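The structure appears below as C-alpha cells.
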Amino acid sequence: MTADEKHIILIVDDEEMVTTSLRSFLELETDYEVVTFTSPIEALEYVRENPIDLIVSDYLMPDVDGISLLLQIKQLRPNATRVLLTGYADKENAIKAINDVGLYQYIEKPWENADVKLVMQSGRERSDLLRRLTSKIGEVEKAHGELMGIQNDLLKVFI
Amino acid sequence: MNSFAGFGHFHQDLLASFRCESDPGFREEMIRIGTPGMRMAGVVGVLAPLFMFLVSLLVLDRSTSWFYSPELVGTAHTHMVLLDELLLVTLGSIVIALSFSHWGQRHARPIVFVMLVAYAMILYMDFIALGILETRGNLTPLVFLMMIALGTVPFRPMQIAALGVMLSLVMYTMSWQAPHWMGRANPVEVDEKTAFLIMFVVVSTGISVVMYTTRFRQYEARKQASDLNDRLAASERKYRSLFENSAEGIFVIDRQTGRMVTVNPATEEMLGRSAEELYSIPSTEIIHPDDRERVTSYHVARSRGEPAPTRYDLKLISSRSSEPVIAELTIHGTDDPGVTVGAVRDITEHVAADRKLREYAKTLEARNREIHETRAQLLQSEKMASLGNLVAGVAHEINTPLGSIHASADTSRRALDIVSEAAQDDECQPLFDKYPRLKRAVDVLAESNVTTVTAAERIVGIVKSLRSFARLDEAEFKKVDIHEGLESTLTILHHELKNRVEVVRDFGDLPQVECFPNQLNQVFLNILVNAAQAIGAKGTITIRTRQEGDRAVVEISDTGKGIAPEHLAQIFDPGFTTKGVGVGTGLGLSITYRIIGDHSGRIDVASEVGKGTTFTIRLPIERNGDHA
C-alpha cells in the first residue's frame, strides 16, 4: 500500500443515523475513505471484493451480530483493525468476545468524536504496521527463497 | 254455709246436689265417709233390739211398761217380737259385716237404705203386733236410728226423700193392713203418725240438702286448697331442682352479717368448701385479696342504695386449687332488702381460652405482618428490578439516537469551526461581507449547535446515571464507590430537588465499600425522597460521608418538618406511613432497614419536629465471611 492511497474504513451499524454521523465526522476530520453499511451481509460482500484498513461494527444487529461479523472479516482480512461499537447493556458480552475476535478496541455508545478519531488513527497505524510487517516478512521469505535457490544452484554445481 | 242465706241459694244447692256426685273425687269421699256411718247404723241396729229385748225381759217380769200394752204380755205376740228382734240383730250384723267388705263399702247407701226400710217394717210390725202403737214416743228407736244413719251416711237428699216416702208408705200400709194381719184394729190415729213421719222426712231432706251441699263445698274448697298446695309443691320442687342442679353457683348473703346463708352445690363445688363451712366464714374471705377491696366497695355502695355494678368478674379463692377461680358474678335483684342474691359462673377456663385465643390472634397478626412485609419487600424488589430493567432498556434505546445526536452536534461544531476559520480568510471575507446573512446564518448555526451539544451532553449524563443507578449487572457483592451511588441517585432525583432543595455534599475520604450497589442506591433513593418530601417549600439536604474504623458512614440530614417522637419508633415498621393513603406505600423505610440489615450495617434516625431529620447509615467496608 502506498502513501497516496486512501485508507478505507468500513462502518457497519443497522442504524443509519449512527453510520451517517460517524462518516460525516470522519470525512470532515480525516482523509480516510469511509464506507458504511447498514447490513452486515452487504458489508461482508464488500470486504470479500475490497481491501479495508479498519472495520467498526455495531454489536447488536439483526441477522449477524457484530462479533461474528468481525470474526469473518478477521479471516478475510486479518490485517484490518477491528473495532466494536457497543451499547451499555451489551458491553459485558462484547468484552467477553474480545479475545475470540482479537478486538483492537471498543467504543461505547454514546461516543465522543475525539475518542473515535483517536481510535481510528491508532487503529489505522496499527494496520499499516501490520501490513508493513507482513510485506517485510514476505520480502524476507522471498529473499530466503532466493537464497535457497542460489544454494540449490550452488549445490548442483558442486555435486 | 251460704246455703242458709235464702231459698234462692237453697234452690241452687238443691240443683247442685244433683250434679255434685258427677265429681269422682267427691263420690269417692262420700263412699269413704259412708263406711263409718254404715257401721254406726249397723251397731245401733244390733244394740237397739238387744236393748229392747232387755227392756222386754224386765217388762215381762214386771208385767208393766211405758212401752208395751200390759194385756199383751206373755202372749204369742211376745214370742214373735223376740224372733223379730233376732232378725233385727242379724240385719245389723250383716250391715256391720258388709261395712268391712269392699263391695259393702261401695254400696253403703243402698245397704243402709234397705236396712232402714227393713228395720222400719219389722219394728212397725212388732209395734202393731204388740199393740203399743198408741203409746207416745214409740217411734223413737226408728227416728233415733234414722237420725244416726242420716247424720253419718251421706245420703243424697233425693235418697232421703225417697226413704221418707218409703217409710211413710210402710207405716201407712202396715197400719192400714194391721187389722187383717193381727185380728185387731189399730188403735192409733195412723194419719197423725204418718203426718209426723212425713214432716220429719221433709225436714230431714232439707237438712240433708244443706249438709250434702255443705259437704260438697267443703270438699271443693279442700280440693282447691290441695290443688294449690300441689302446684306450690311442684313449683317449689322445680325451683329447688333448678337451684340444686344449676351449673352456676347461686348464693344468698345476709347483708347484716355478711355471711352466706344459702348456697347451692355448684357454689360448694366451685369454692371447694361445704355449705356449713361457707356459712361459718365472712363471705369476703372467699374473694381473692386482689379483688377484695373492689368487691367490698361495690357491696357497701349497694347497701347504701348507690349504683354499683351488678355484673363483674372477680377472682375467688377455692380450696380445690392454689390458683384462684376467675368467676363472673351477677347480683340479682330481690324483694328482700336484707339479703343479696347472686350467681357466680366459673370462667377460669373461658378466660384461659380467651387468653390463648388472643395469643393466637397476636401470633397470627405477627405472621400476617411478616407475610405482608415479605410480600411488600418482594413486590418492592420486583418493582425495583423491573424499574431497573426499564431504565436499562430505555438507556439502551436512547443510546443509539443520543450517540448520533451527540456525535453529529460535535461534527457540526467542527465543521462550523472550519467555516468560521475560512471566514477570516482574505479570500472569503468579501463573500461574507457581500452576504451578511450568510455570516449571521453561520453564527446561528454555531450557537444552536452549542445548545445541541450542551443538551446532548446533559442527556448523556442522565443516561449514565440511570445505568449506574439500575446496575442490573451487579446483583452480587461488589466494591463500589459510595459517592458514585449517591451522585447517580441525586441525578435521578434532580427534578424533585432542583430550585427547591439545596444539596450540600460534605464527602469525606471513603474507600470502596463492599455491597450490593443497586440495593444501596435504593436505600439512598428512599431516604432522599423522604427528605425531599419532608422539606416543605425550600430547604437543604446535607450528605456527609466519613470513615469510622472499619465502617463507612453516610449521614443524610434534611431541614424538613421532622418526625413526631411517637412515630419515631414506628418508622421502620412496614406499612407505617404518615403520608396518607395513596401517597406513600409505607414500605420504603422498612425495606431500607432490611437492606442495611442484609449488609450487616445499622441505620439510626434522629429527628426534631420542625427542625429536621438525620438518618445515619453505618456499613462495614469489608464484608465478613459469615453472611452471604
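The values are calculated or read from the model by the stated rules, or taken from the named source; none is laboratory data. Here the structure is a predicted model, which is why all the values come from computation and not from measurement. For neighbour counting, all protein chains shown are included, and Cβ atoms are generated from backbone atoms with ideal geometry for every residue, glycine included.
What the table shows:
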item	result
Members of region B:201-228 that are small (G, A, S) and either farther than 12 Å from B:M158 by Cα or outside the structural domain of B:V153 (by TED's automatic domain parsing) (or both)	B:A221, B:A225, B:S226
Any hit, region A:87-96, residues being buried (at least 20 other Cβ atoms within 10 Å of the Cβ), touching a residue at least 40 places away in the same chain (Cβ under 8 Å), in a helix (DSSP H, G or I) and within 14 Å of chain B (Cβ to nearest Cβ)	no
Single residue of B:D354, B:D291, B:D335 found to be away from chain A (no Cβ under 14 Å), of a type in the set (D, E), surrounded by 14 or more Cβ atoms within 10 Å (Cβ to Cβ) and farther than 30 Å from A:P110 by Cα	B:D291
Filtered residue count, region A:59-83, keeping only those that are within 14 Å of chain B (Cβ to nearest Cβ), within 18 Å of A:R23 (Cβ to Cβ) and touching a Ser or Thr at 6+ places or on another chain (Cβ under 8 Å)	1
Failed item, numbered, when A:S39 is tested on (1) over 15 Å from the mean Cα position of the chain (by Cα); (2) within 14 Å of another protein chain (Cβ to nearest Cβ)	(2)
Qualifying residue in region B:418-426 (condition: buried (at least 16 other Cβ atoms within 10 Å of the Cβ) and within 9 Å of chain A (Cβ to nearest Cβ))	no
Candidates B:S303, B:S274, B:S322, filtered to the one that is surrounded by fewer than 16 Cβ atoms within 10 Å (Cβ to Cβ) and touching a helix residue (DSSP H, G or I) at 6+ places or on another chain (Cβ under 8 Å)	B:S274
Flag if A:F25 is surrounded by 17 or more Cβ atoms within 10 Å (Cβ to Cβ) and in contact with a strand residue (DSSP E or B) (Cβ under 8 Å, 6 or more places away or on another chain)	no
Residue among B:I331, B:I326 that alone is over 16 Å from B:F251 (Cα atoms) and either touching a strand residue (DSSP E or B) at 6+ places or on another chain (Cβ under 8 Å) or in a loop (DSSP other than H, G, I, E, B) (or both)	B:I326
Residues being farther than 18 Å from B:T213 by Cβ, aromatic (F, W, Y) and modelled with pLDDT of 70 or more - total across region B:146-180	1
Any hit, region B:223-244, residues being in contact with a strand residue (DSSP E or B) (Cβ under 9 Å, 6 or more places away or on another chain) and either in a loop (DSSP other than H, G, I, E, B) or exposed (fewer than 11 other Cβ atoms within 10 Å of the Cβ) (or both)	no
B:T411 being facing chain A (nearest Cβ under 10 Å), under 21 Å from A:L28 (Cβ atoms) and modelled with pLDDT of 85 or more	yes
Test: A:I55 is among the hydrophobic types (A, V, I, L, M, F, W, C), touching a helix residue (DSSP H, G or I) at 6+ places or on another chain (Cβ under 7 Å) and touching a residue at least 24 places away in the same chain (Cβ under 8 Å)	yes
Test for B:G560: is it crowded, with 18+ Cβ neighbours inside 10 Å and modelled with pLDDT under 75	no
Of the criteria (1) more than 14 Å from every other protein chain (Cβ to nearest Cβ); (2) modelled with pLDDT of 85 or more, which one A:D100 fails	(2)
Qualifying residue in region B:506-528 (condition: surrounded by 15 or more Cβ atoms within 10 Å (Cβ to Cβ), in a loop (DSSP other than H, G, I, E, B) and small (G, A, S))	no
Unique residue being over 22 Å from A:G102 (Cα atoms) and away from every other protein chain (no Cβ under 14 Å) when the list is A:D14, A:D31	A:D31
Failed item in (1) at pLDDT below 65; (2) of a type outside the set (D, E, K, R); (3) closer than 21 Å to B:L86 by Cα, with B:L116 passing the rest	(1)
Test set (1) touching a residue at least 60 places away in the same chain (Cβ under 8 Å); (2) crowded, with 16+ Cβ neighbours inside 10 Å - B:S404 fails condition number	(1)
Any hit, region A:54-63, residues being closer than 28 Å to B:T454 by Cα and among the β-branched types (V, I, T)	yes
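Here is a yes/no grid of residues against (1) over 30 Å from B:R259 (Cβ atoms); (2) over 22 Å from the mean Cα position of the chain (by Cα); (3) of a type in the set (D, E, K, R):
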| position | (1), (2), (3) |
| --- | --- |
| B:D335 | no, yes, yes |
| B:V351 | no, no, no |
| B:R358 | yes, no, yes |
| B:A361 | yes, yes, no |
| B:R367 | yes, yes, yes |
| B:R375 | yes, yes, yes |
| B:E382 | yes, yes, yes |
